[in-house]
1. Looking at region 59-78, which of the residues that are modelled with pLDDT of 95 or more and charged (D, E, K, R) is surrounded by the fewest Cβ atoms within 10 Å (Cβ to Cβ)?
2. Kindly check whether there is at least one residue in region 50-60 that is hydrophobic (A, V, I, L, M, F, W, C), touching a Ser or Thr at 6+ places or on another chain (Cβ under 9 Å) and either in contact (Cβ under 8 Å) with a residue 24 or more places away in the chain or in a helix (DSSP H, G or I) (or both).
3. Return the pair list, or none, for Cβ contacts closer than 7 Å from residues in region 1-27 that are aromatic (F, W, Y) to residues that are crowded, with 16+ Cβ neighbours inside 10 Å, at least 6 apart or on different chains.
4. Pick from region 37-53 the residues that are under 9 Å from the mean Cα position of the chain (by Cα) and not small (G, A, S): which of them is surrounded by the fewest Cβ atoms within 10 Å (Cβ to Cβ)?
5. Among the residues of region 64-88, count how many are closer than 16 Å to T28 by Cα and either part of a helix (DSSP H, G or I) or in contact with a His (Cβ under 9 Å, 6 or more places away or on another chain) (or both).
6. Has region 9-19 got at least one residue that is under 13 Å from the mean Cα position of the chain (by Cα), under 19 Å from K83 (Cα atoms) and crowded, with 16+ Cβ neighbours inside 10 Å?
7. Can you find a residue that is out of contact with any His (no Cβ under 6 Å at 6 or more places or on another chain) and on the phi > 0 side of the Ramachandran plot anywhere in region 36-45?
Amino acid sequence: MSTEDALKLIDESKKFLEPYIIYGKMITDGIAQLIKLEKLVKDKAYGDAYKLSCSMCDQISGYRSFVPQLAENLEKLREILEKACTNR
């Protein structure tokens, strides 16, 4: 998978969260982190993007059973970004 795939996963994850924005800060913070992650990927700051994706995976781990697709997307993102860091 490429960084273009990563951007698609980020977009898909944002679209998944947007309908739940009425549930408060946790959702808006998640969307803000995805926007930041998207910017880092577009700027080719893969190291920082990888660190953020790891943090996001840790944050969502307790909610995995509630949002399995989002958790899976974040794990795929982390894998893509880890490879992007090592391929530089």
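1. Only one residue tops the list, namely E72.
2. No, region 50-60 has no match at all.
3. F16/L70
4. Among residues in region 37-53 that are under 9 Å from the mean Cα position of the chain (by Cα) and not small (G, A, S), the one surrounded by the fewest Cβ atoms within 10 Å (Cβ to Cβ) is E38.
5. From region 64-88, those closer than 16 Å to T28 by Cα are 67, 70; that's our starting set.
Next cut, either part of a helix (DSSP H, G or I) or in contact with a His (Cβ under 9 Å, 6 or more places away or on another chain) (or both) only: 70.
The number of residues fulfilling the criteria is 1.
6. Looking through region 9-19, at least one residue is under 13 Å from the mean Cα position of the chain (by Cα), under 19 Å from K83 (Cα atoms) and crowded, with 16+ Cβ neighbours inside 10 Å.
7. Yes: one or more hits.
The values are calculated or read from the model by the stated rules, or taken from the named source; none is laboratory data. Since we're looking at a predicted model, the values are computed, not measured. Ideal geometry is used to build each Cβ from the backbone, glycine not excepted, and the neighbour counts take in all protein chains shown.
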